[in-house]
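S.K.: The structure follows.
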């Protein structure tokens, strides 16, 4: 697996520890930590899972396919279902659309994650609501994109849990390919829109229509409750994607604006894998926690249908299957 199963289990245990600490106190700092960790742990899960989940864009991806990149003609199918079998642990994502074939919702078979997408009359996204049933109850994240014309330039985000509500704002910068080159998110203290308690930054590099590098950095500006966890105050992750095929990326069938808006919110599911037209077969991860650095390189193997759509992606422990409509 990417990094290792041991690292994955360690991260989960740390998350449980922080959730328990959050439940034991109503302190404002702990509420800030709770959200901050929820965000970064999602991204860390990406580096502790198999690459077919990530390499190939496990759960979500971009929009209009450009036939000049190779592969089949312009796609006519919609992504209907994704089944991830992670060493026997199976999770199914189902995608819903309206009569105009716009994505309106995503649900998991265990109902642990639910997303609803609404639109303005212009066709732009009005709001994305993400609900997750976790250890500390149901948390809700509302993402409101701010547009300049047809391009998202900012995300206004509200994070709600039983313990309180936090705000964050992400500013987006675009490259020449009209995909984000930088996403800078500031997390504010509870009840404030000026006191920054955490910064989350994604830098993205492309080669044509495919993303080749994602550099993620997060920093927390307050004291953590347990000194031994101080290494979490700054986390640095680099993901290198290469060896692309010339086939249709299943998640490239989903709305581009949706993928951009959930770059940090859905990090444990889709992350930046949707920022590619095709499917990466080689992924390299380098994760830095304090002075410790770990890395790994993995391969993904794809099977395709007669129309050039992937039907499965396989790596060491994970098999992902795709269904279309």
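None of the figures in this text is laboratory data; all of them are computed from the coordinates on show. Note that the structure is a prediction, hence the values are computed from the model and not measured. When we count neighbours, we look across all protein chains shown, and the Cβ atoms used for this are built from the backbone with ideal geometry, even at glycine.
S.K.: Remind me, relative contact order of region 154-201 in percent, using alpha carbon pairs under 8 angstrom and six or more residues apart? Don't skip to the answer; put the middle values down first.
M.R.: Numbers: 92 pairs, mean separation 13.8, N = 48.
Rounded, it is 29 percent for region 154-201.
S.K.: Shifting gears a bit: Could the peptides 148-154, 238-244, 81-87 be put in order, highest first, of the mean number of other beta-carbon atoms found within 10 Å of their residues?
M.R.: Ranking, from highest mean packing down: 238-244, 81-87, 148-154.
S.K.: Which distance in Å, rounded to a whole number, links the C-alpha centroids of region 84-108 and region 168-189?
M.R.: Computed from Cα coordinates, the inter-centre distance equals 26 Å.
S.K.: Cβ neighbours within 10 Å, averaged per peptide: list 305-316, 93-104, 249-260 in order, most packed at the top.
M.R.: For the peptides 305-316, 93-104, 249-260, the packing ranking is 249-260, 305-316, 93-104.
S.K.: Return a whole-number percent for the relative contact order of region 120-181, with Cα pairs under 8 Å and 6 or more residues apart as the contact set.
M.R.: 21
S.K.: Here's something else I'd like to know. What is the extension gain from residue 133 to residue 299, computed as 0.36 nm multiplied by their sequence separation minus the C-alpha to C-alpha distance, in nm to one decimal?
M.R.: 56.6 nm
S.K.: Right, here's the next one. Is any residue of region 162-206 close enough, with backbone N under 19 Å, to a label point placed 7 angstrom from the Cα of residue 122 along the Cα-Cβ axis, and if so, which?
M.R.: In region 162-206, the label zone of residue 122 (backbone N under 19 Å from the point 7 Å along Cα→Cβ) covers 170-174, 178-180.
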